[in-house]
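The values are calculated or read from the model by the stated rules, or taken from the named source; none is laboratory data. A quick note: this is a predicted structure, and the numbers were derived from the prediction, not measured. Ideal geometry is used to build each Cβ from the backbone, glycine not excepted, and the neighbour counts take in all protein chains shown. For the accessible areas, the whole protein counts, side chains as well, though only heavy atoms, and no ligand, DNA or RNA atoms are used. Shrake-Rupley method; radii C 1.70, N 1.55, O 1.52, S 1.80 Å.
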Amino acid sequence: TTTHDGAELAFKVHLPTAGVDPATAPAVLLHGFACGGENWGALPDMLASASNRACLTFDHRGIGASSHPDGPYTIESMALDVEALMGAVGWPKAHVLGISMGGMVAQRLALDRPQLVQSLTL
């Protein structure tokens, strides 16, 4: 876990079985509303192994194993949480994939912190 703006954020870094290719940017997967990082199922591990990249999944604030601080929770604050998570694992840039609400967070991150986003998949 890492803490950002009063929230303890639970995350997991999925690593490929053959090791990370240092020339390959990692990926951050952002899930939809009321879903946790575990809801990605086998996808993060499969993506990591197929592409030799690290993949990060996590529970947004207020969901799953992350803490539930008083709100409001905004798309902007969730994008800042992603920035904090990337900093916590030492990633200066990543491919960002978002579905549903995660897609909105991914877009906000790309607009506010474009230097962090290698590519954007919605």
Exercise. Within segment 16-84, list the chymotrypsin sites (Phe, Trp or Tyr not before Pro) lying in a DSSP loop whose Cβ has at most 12 other Cβ atoms in a 10 Å radius.
Key: 33
Quiz item: Which whole-Hz couplings ³J(HN,Hα) result when phi for each residue of segment 68-81 is put into the Karplus expression 6.51 cos²θ - 1.76 cosθ + 1.60, θ = phi - 60°, listed in order with x for Gly and Pro?
Solution: 10, x, 4, x, x, 9, 10, 4, 4, 5, 5, 5, 5, 4
Quiz item: Amide H of residue 56: which non-local residues (sequence gap of 5 or more, or other chain) have their own amide H closer than 5 Å, using H built in the peptide plane?
Solution: 14, 27, 28, 29
Quiz item: Which ³J(HN,Hα) values in Hz, rounded to whole numbers, follow from the phi angles of segment 26-36 under the Karplus curve 6.51 cos²θ - 1.76 cosθ + 1.60, where θ = phi - 60° and Gly and Pro get x?
Solution: x, 10, 10, 10, 10, 8, x, 4, 6, 10, x
Practice problem: Counting only heavy atoms of the protein chains, get the accessible area per residue of the chain (1.4 Å probe) and round it to a whole Å² value. | Solution: 49 Å²
Self-check item: Net charge of Cβ neighbours under 12 Å - reference residue 11; Lys, Arg +1; Asp, Glu -1
Solution: -2
Self-check item: Nonlocal amide H pairs with residue 120, under 5 Å, H built at 1.01 Å
Solution: 96
Self-check item: Options [x] 19.5, 60; [y] 13.2, 42; [z] 16.8, 62 - which one matches Rg and Dmax of the Cα atoms in Å as calculated here
Solution: [y]
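In what sequence, largest accessible area first, do 75, 99 appear using a 1.4 Å probe? Spell out each step's value before the answer.
On the way: 75 40, 99 80 Å².
Greatest to least solvent exposure: 99, 75.
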Quiz item: Carbon and sulfur: what percent of segment 18-79's accessible surface (1.4 Å probe)?
Solution: 59 percent
